[in-house]
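Below is one structure, written out as structure tokens; comments come after it.
The values are calculated or read from the model by the stated rules, or taken from the named source; none is laboratory data. Just so we're clear, the structure is a prediction, and the values are computed from it rather than from any experiment. No Cβ is skipped: glycine too gets one built from the backbone with ideal geometry, and neighbour counts run over all protein chains shown.
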Amino acid sequence: MEFTGRWVFSGQPVRISVQDGVIASIHHVEEHDDTAGAWIAPGFWDLQVNGYQGYDYSGPDLDDRQMTAVMRLLAAAGTTHHVPTIVTSSNDRITRNVRVIRDARGRSAALEAAIPMIHLEGPYISGLDGHRGAHDPQYVRDPSYDEFTQWKEASGGLVRMVTLAPERKGALEFIERLSGEGIIVAVGHTAAEPSCVREAIAAGARLSTHLGNGSPAMLPRLSNFVWEQLAADELWAGIIADGFHLPPAVLRVFSRAKGLSRLVLVSDVAVCGGYPPGRYRWGQIEVEVYPDGHLGLAGTEYLAGAGHLLDRCVAQFARHSGHELSQVIALVTDNPARLLGVPGPGTLTPQTGAPADLVQFRWRQEAERLCIEHTVLGAAGLHVDAAE
């Protein structure tokens, strides 16, 4: 299997040969019709995937088949690795689903390669409207280390990221314990005062979950949790750059203030993503899918997760932020790997013998999304031809 195009980080035309899941050879070639307009990059990493096209990581019937379907659907948009995100739910549901993910990875080399860990977004978040987002209010609660330990053990240690609101009772001590265990604690769906955000950082919080979203439409003008997180050099920021969650001017401001080295693009895609326009149920929540594909809490001005994948987020961020394509691709490849502290999805320079986790695509500055042609997850033996 061969892929020809320009390596995205150098612009150099290359021909990459893949055999048995690894890069067998790399040849620099002269630019010609096969390379003009085609790019090759490491496969994308998405740290926040709730589900997609009816498959739900928080759903009552999650199984191997659904997880495999999500993996293949994401690969068609260039994503080779993703972090299943389980949202606010009952103890029994969370326990069941982290165990399902653990067991499915144990039975499938493809899922083991595609899924590095699990993200719990909630249930220890704000219960206030707007701040809570699309999370079911009946299950929002204060942090419990004993409860969390149950989930960590049920997952076989795969739960390595938790989003919470630091203002909840016991949250600061909880952050300190989890961060001491190497778990990434993220601030999100919060109504915290700026001083509480600073306390959370001092306790070990390292990330902002979908910064700028998961909050009400109106906030105090100058003193609020968004400004405080944006100004904190200690915090990485996940952002949803799909063109709906953050306006272009906000993307530019966030990238300048936070710096590209501490930004990660996430999809936050949800179970109704990819559905035709209409109203649907996501657990106990009614979600509207709009004609342009974005999701909202039916009858409100609030969003309800996302309906698009990283192929759109990359294109929108490159289009509106003013950064080069190579810089933007790093936000879904090198940066997520550095944040998670795992082997990268590829190096900035392709290497013979490295896992063949690659995406080939075409891109125009004015395009709404990348045009994905092929995605390979070598360790999983997965090759998705997006044109099929």
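Computed values, structure above
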| item | result |
| --- | --- |
| Cross-chain or 6+ apart pairs with Cβ under 7 Å, region 253-267 first and farther than 16 Å from LEU47 by Cβ, then assigned to a loop (DSSP other than H, G, I, E, B) and of a type in the set (S, T, N, Q) | none |
| Matching option when the condition is assigned to a strand (DSSP E or B) and of a type in the set (Ser, Thr, Tyr), among SER25, SER58 | SER25 |
| Within region 161-179, considering residues that are among the hydrophobic types (A, V, I, L, M, F, W, C) and buried (at least 20 other Cβ atoms within 10 Å of the Cβ), the one farthest from HIS131 (Cα to Cα) | LEU178 |
| Subset of region 124-164 (residues that are of a type in the set (Gly, Ala, Ser) and in contact with a helix residue (DSSP H, G or I) (Cβ under 7 Å, 6 or more places away or on another chain)) | GLY127, ALA154, SER155, GLY156 |
| Strands (runs of 3 or more DSSP E) fully within region 222-332 counting 3 or more residues that are of a type in the set (A, V, I, L, M) | 263-265, 285-289 |
| Hey, GLY214 under 23 Å from GLN316 (Cα atoms), under 22 Å from the mean Cα position of the chain (by Cα), surrounded by 24 or more Cβ atoms within 10 Å (Cβ to Cβ) and at pLDDT below 95 or not | yes |
| Residues that are surrounded by fewer than 24 Cβ atoms within 10 Å (Cβ to Cβ) and over 14 Å from TRP7 (Cα atoms), drawn from region 315-332 | ALA318, ARG319, HIS320, SER321, GLY322, HIS323 |
| In region 323-370, residue farthest from the chain's Cα centre (by Cα) [restricted to those that are modelled with pLDDT of 90 or more and among the hydroxyl-bearing types (Ser, Thr, Tyr)] | SER326 |
| Enumeration of residues in region 123-139 that are among the basic types (Lys, Arg) and touching a strand residue (DSSP E or B) at 6+ places or on another chain (Cβ under 9 Å) | none |
| The listed residue being of a type in the set (A, V, I, L, M, F, W, C), at pLDDT 95 or above and surrounded by fewer than 22 Cβ atoms within 10 Å (Cβ to Cβ), out of ALA231, ALA205 | ALA231 |
| Per-region count, region 97-128, residues in contact with an Asp or Glu (Cβ under 7 Å, 6 or more places away or on another chain) and over 23 Å from GLU173 (Cα atoms) | 5 |
| Residues satisfying the stated conditions in region 129-176, i.e. among the β-branched types (Val, Ile, Thr) and in contact (Cβ under 8 Å) with a residue 40 or more places away in the chain | VAL140, VAL159, VAL162, THR163 |
| Members of region 85-96 that are surrounded by fewer than 24 Cβ atoms within 10 Å (Cβ to Cβ) and in contact with a helix residue (DSSP H, G or I) (Cβ under 9 Å, 6 or more places away or on another chain) | SER89, SER90, ASN91, ARG93, THR95, ARG96 |
| Test set (1) at pLDDT below 95; (2) of a type outside the set (Lys, Arg); (3) out of contact with any Gly (no Cβ under 8 Å at 6 or more places or on another chain); (4) more than 24 Å from LEU325 (Cα to Cα) - VAL22 fails condition number | (3) |
| Members of region 138-192 that are within 23 Å of GLY283 (Cα to Cα) and among the aromatic types (Phe, Trp, Tyr) | TYR139, PHE148, TRP151 |
| Residues that are over 23 Å from GLN284 (Cα atoms), surrounded by 19 or more Cβ atoms within 10 Å (Cβ to Cβ) and of a type in the set (Ser, Thr, Tyr), drawn from region 53-84 | THR79, THR80 |
| Subset of region 237-252 (residues that are surrounded by fewer than 19 Cβ atoms within 10 Å (Cβ to Cβ) and in contact (Cβ under 8 Å) with a residue 60 or more places away in the chain) | PRO248, ARG252 |
| Among (1) aromatic (Phe, Trp, Tyr); (2) closer than 19 Å to LEU73 by Cβ; (3) touching a helix residue (DSSP H, G or I) at 6+ places or on another chain (Cβ under 8 Å), the one test that TRP282 misses | (3) |
| Verdict on HIS374 being assigned to a loop (DSSP other than H, G, I, E, B) and either more than 17 Å from the chain's Cα centre (by Cα) or buried (at least 21 other Cβ atoms within 10 Å of the Cβ) (or both) | no |
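Yes/no matrix, rows are residues, columns are (1) within 23 Å of GLY341 (Cα to Cα); (2) of a type in the set (A, V, I, L, M, F, W, C):
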residue: HIS119; (1), (2): yes, no
residue: PRO123; (1), (2): no, no
residue: LEU128; (1), (2): no, yes
residue: PRO137; (1), (2): no, no
residue: PHE148; (1), (2): yes, yes
residue: GLY182; (1), (2): yes, no
